[in-house]
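Colleague: Got a structure for you, questions after.
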């Protein structure tokens, strides 16, 4: 079993031109959903340094549901709080 997982992100401007990319090697998480949370948090933290007008997305329906109803996932409370705090930084 692998000890690490990786995630990456791309920032595109309004003309869909790639402006910045990032990636990170992460310690393997308990579940794939923990990795999905980290994969969303990473670009939010990184983009905070560059621009306040951003849109973030994920294709993980479980993560989307958790963000909409955080009380339904108490084991992710700390991670979801970090994402909620970062959301406040972006319009």
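Colleague: Just to be sure before I move on: is residue 60 at pLDDT below 90, surrounded by 12 or more Cβ atoms within 10 Å (Cβ to Cβ) and over 10 Å from the mean Cα position of the chain (by Cα) in the structure I sent?
Modeller: no
Colleague: Within the range 28-42, which residues are modelled with pLDDT under 85 and touching a strand residue (DSSP E or B) at 6+ places or on another chain (Cβ under 6 Å)?
Modeller: 28
Colleague: Residue pairs, Cβ under 9 Å, 6 or more apart or interchain, first in the range 70-91 and touching a residue at least 24 places away in the same chain (Cβ under 8 Å), second loosely packed, with under 12 Cβ neighbours inside 10 Å. List them.
Modeller: 89/52; 90/52; 90/53; 90/55; 91/52; 91/53
Colleague: Looking at residue 19 and the list (1) without any contact (Cβ under 8 Å) to a residue 12 or more places away in the chain; (2) touching a helix residue (DSSP H, G or I) at 6+ places or on another chain (Cβ under 9 Å); (3) assigned to a strand (DSSP E or B), which single condition is not satisfied?
Modeller: Failed condition: (2).
Colleague: Give me the pairs, please: first residue somewhere in the range 31-49 and surrounded by fewer than 19 Cβ atoms within 10 Å (Cβ to Cβ), second residue anywhere and assigned to a helix (DSSP H, G or I), beta-carbon distance under 6 Å, and either six or more positions apart or on two chains.
Modeller: 33/62; 41/82; 41/83; 44/86
Colleague: A further question follows. If I filter the range 8-16 for residues that are modelled with pLDDT of 85 or more, surrounded by 17 or more Cβ atoms within 10 Å (Cβ to Cβ) and assigned to a strand (DSSP E or B), do I get at least one hit?
Modeller: Checked the range 8-16: at least one residue is modelled with pLDDT of 85 or more, surrounded by 17 or more Cβ atoms within 10 Å (Cβ to Cβ) and assigned to a strand (DSSP E or B).
The values are calculated or read from the model by the stated rules, or taken from the named source; none is laboratory data. Given the structure is predicted, the values throughout are model-derived calculations rather than measurements. Cβ coordinates were reconstructed from backbone atoms using ideal geometry, including for glycine residues, and neighbour counts include every protein chain displayed.
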